[in-house]
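Read through the structure below, which is laid out as structure tokens, and then see the notes.
The values are calculated or read from the model by the stated rules, or taken from the named source; none is laboratory data. Remember, it's a predicted structure, so these values are computed and weren't measured experimentally. When we count neighbours, we look across all protein chains shown, and the Cβ atoms used for this are built from the backbone with ideal geometry, even at glycine.
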Amino acid sequence: MAEQSAHQKYEFKRKLEGLRDKKGRGTELISLYIPPDKQISDVTSQLRNEHGQAANIKSKLTKTNVQGALESLLSRLRYLDKTPENGIVYFTGAVDVGANKTNMETTIVEPPEMIQTYRYHCDSSFYLQPLEDMLRDKKTYGLLVLDRREATVGLLTGKHIESFRHLTSNVPGKQRKGGQSAHRFQQLRLIAIHDFYKRIGNAASDVFMTVDQNDFEGVLIGGPSPTKEEFESGHFFHHEIEKKIIGLFDAAYTDESGLPELVNAAGDRLADLDLMVEKNMMQRFFGELVSDSGKATYGAEAVKANLDVGAVDVLLLSEDLRAEKDIIKCESCDYETSVTREYRPSEKIEPPGNCPKCGSTLRVVEKVDVVDELSGMCDQMGTEVSFISTDFEEGAQLMNAFGGIAAILRYSTGI
Ligand code: ZN
């Protein structure tokens with residue numbers, strides 16, 4: 001999804017989250033995936049057919065809801081002049097809104113990637129798998145860290161590092177036992193090393209071959225010198241994997257903790273990866289924070305104040321941040337306040353209560369999405385916004401330790 005901006009991707013993710021939360025009372029939520037080359041007349045004739053069959057549904061309420069959803073879809077399709085480039089998806093149905101009520105809702109999605117397969121799906125929840133697959137960053141790197149005693153095989157997929165295999169050797173130490181000839185000992189040792197490299201090559205090739213090779217970008221090898229060079233020159237990988245070696249990098253650890261170390265060491269070679277761009281951004285933020293330059297700030301209020309005076313160089317927002325600000329006003333007097341809270345679509349929100357000044361009823365007059373508000377301010381000022389995932393350590397820290405909102409400033413404002 002390189003052609004998509006970070007903000008579009010965030011919006012798409014939010015839309016899917018909203019859809020995932022919606023449930024029907026029965027099997028009555030319709031998901032309709034239309035690829036760009038599908039004849040709309042074929043779709044409408046199938047929907048008419050489904051409408052006829054729905055007459056057989058036993059529950060009167062479900063029957064009414066399914067037929068209502070189909071009618072709504074049919075009328076929408078009548079107004080569809082041309083299927084968008086990547087196709088179009090309709091989610092329609094009577095969504096449970098609590099208190100024994102349902103609401104007929106439709107969400108239309110123009111996906112970021114092309115829909116391959118036509119699908120009509122009727123269930124108690126919406127069918128989202130094909131869209132969720134589009135959201136996943138599938139670019140994958142094979143990771144191997146090794147020395148003569150230990151090796152770990154893993155994968156870097158998108159921004160996520162995972163360990164798959166851990167191997168240990170029985171290569172004898174450099175001290176030979178008494179009575180053994182030095183030559184014999186050396187020979188046995190080399191055989192044991194060779195065997196271990198062979199096992200590593202096989203295990204790593206097995207793991208790397210499970211990846212769809214279209215998404216497989218290459219292999220990074222880490223470890224001390226000269227072990228990794230020795231391993232590479234022996235061609236122990238499957239020949240298809242062999243062709244995809246990107247390079248050798250120094251890494252001190254050869255257990256699981258060597259995998260992120262390897263990715264960091266290969267940083268320059270992976271500079272275009274979203275992960276590295278985000279990592280560098282967070283490192284800049286932490287650098288400013290510890291140097292006490294006054295050019296790092298965090299929290300919604302402080303960041304907003306700095307945006308207001310135009311001091312923000314880069315706004316850092318956690319991809320996991322879901323926050324909403326309620327603007328609350330008194331019915332009778334001029335009292336006004338706001339509450340910022342984590343946003344959950346299914347959450348039941350208590351009414352704001354009574355005015356502390358005059359005792360009249362308080363009302364929520366406006367709901368503002370915090371991410372939209374802050375990124376909107378940046379758009380107006382031409383300030384860079386960086387969405388940071390929580391799949392790596394520094395990114396998780398942004399969410400957990402800094403509330404998901406931080407900024408690198410152009411100069412210290414003291415705010
Ligand atoms: Zn009041």
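Annotations for the structure displayed:
- Selection within region 317-335: residues that are near the ligand (Cβ under 9 Å from one of its atoms) and assigned to a strand (DSSP E or B). The member of this set that is nearest to Gly403 (Cα to Cα) is Lys329.
- Residue that is under 30 Å from the mean Cα position of the chain (by Cα), under 13 Å from Glu28 (Cβ atoms) and of a type in the set (S, T, N, Q), where the choices are Thr62, Thr83, Thr107, Thr92: Thr92
- Which numbered condition Ser225 fails, given (1) under 31 Å from the mean Cα position of the chain (by Cα); (2) outside any strand (DSSP E or B); (3) not basic (Lys, Arg): (1)
- For Gly353, the conditions (1) under 17 Å from Ile415 (Cα atoms); (2) within 16 Å of the ligand (Cβ to nearest atom) are fulfilled apart from (1).
- Among the residues of region 167-186, none qualifies, meaning not one is in a strand (DSSP E or B) and under 26 Å from Met276 (Cα atoms).
- Flag if Leu248 is closer than 13 Å to Leu156 by Cα and either within 31 Å of the chain's Cα centre (by Cα) or not in a helix (DSSP H, G or I) (or both): no
- Test: Leu289 is more than 16 Å from the ligand (Cβ to nearest atom) and part of a loop (DSSP other than H, G, I, E, B): no
- Restricting attention to region 287-337, the residues being hydrophobic (A, V, I, L, M, F, W, C), over 23 Å from Ala396 (Cα atoms) and touching a Phe, Trp or Tyr at 6+ places or on another chain (Cβ under 9 Å) number 2.
- Residues (at pLDDT 85 or above and surrounded by fewer than 10 Cβ atoms within 10 Å (Cβ to Cβ)) located in region 175-199: His183
- Looking across region 364-381, the residues that are in contact (Cβ under 8 Å) with a residue 24 or more places away in the chain and either near the ligand (Cβ under 9 Å from one of its atoms) or surrounded by 14 or more Cβ atoms within 10 Å (Cβ to Cβ) (or both) come down to Val364, Val368, Asp369, Val370, Val371, Glu373, Leu374, Ser375, Met377, Cys378.
- Residues (more than 20 Å from Tyr118 (Cβ to Cβ) and acidic (Asp, Glu)) located in region 20-70: Asp21, Glu28
- Here Ala99 meets the list (1) among the hydrophobic types (A, V, I, L, M, F, W, C); (2) surrounded by 13 or more Cβ atoms within 10 Å (Cβ to Cβ); (3) out of contact with any helix residue (DSSP H, G or I) (no Cβ under 8 Å at 6 or more places or on another chain) almost entirely, failing just condition (2).
- Qualifying residue in region 50-59 (condition: surrounded by 14 or more Cβ atoms within 10 Å (Cβ to Cβ) and at positive phi): no
- Residue in region 68-91 that is touching a residue at least 60 places away in the same chain (Cβ under 8 Å) and either surrounded by 17 or more Cβ atoms within 10 Å (Cβ to Cβ) or in contact with a His (Cβ under 8 Å, 6 or more places away or on another chain) (or both) present: yes
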